[in-house]
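The values are calculated or read from the model by the stated rules, or taken from the named source; none is laboratory data. Quick caveat: nothing in here was measured; it's all calculated off a predicted structure. Heads up, the Cβs are rebuilt from the backbone with ideal geometry, glycines too, and the neighbour counts pull from every protein chain shown. Quick note on the areas: whole protein, heavy atoms, side chains included, nothing else; ligands and nucleic acids left out. Shrake-Rupley method; radii C 1.70, N 1.55, O 1.52, S 1.80 Å.
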Amino acid sequence: MEAQMQQERAAAREMQEAARAREESIRSEMLAQRAREVSMRQQLEAQMAQMAEFKRMMDLMQRGEWPPTPPPPPHPPHPQRGQLDLIIYTEYFKHLVCIYFILI
């Protein structure tokens, strides 16, 4: 009688473990399926964003607004007072050298 009770308990324990294993298997399958769905949704959203950007570019091209005109190049900075003096003196020296060689 005792042996039969132990066998029944062992069988019940095995059935519970099998049921738990099935539940874990189902749960892991559901998690994997959910991960695949999230991945597919992200890919779809990325493709939709690319298509929207492409459509926006096509609309801009049709209106003649693409490619955008580049901004004008920045003006060179004005020389400081000392730099301006140096430029003037350099030009003056060049003229003096030219006049010297002409007179020789």
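Of a type outside the set (Phe, Trp, Tyr), out of contact with any Lys or Arg (no Cβ under 7 Å at 6 or more places or on another chain) and open to solvent by 100 Å² or more (accessible area, probe 1.4 Å): which single residue out of GLU53, GLU65, GLU91, GLU29 fits that description? One residue alone meets the criteria, GLU29.
Yes or no, residue by residue, for (1) in a helix (DSSP H, G or I); (2) of a type in the set (Val, Ile, Thr); (3) touching a residue at least 60 places away in the same chain (Cβ under 8 Å):
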residue	(1), (2), (3)
GLN4	yes, no, no
ARG22	yes, no, no
SER25	yes, no, no
VAL38	yes, yes, no
LYS55	yes, no, no
PRO68	no, no, no
CYS98	yes, no, no
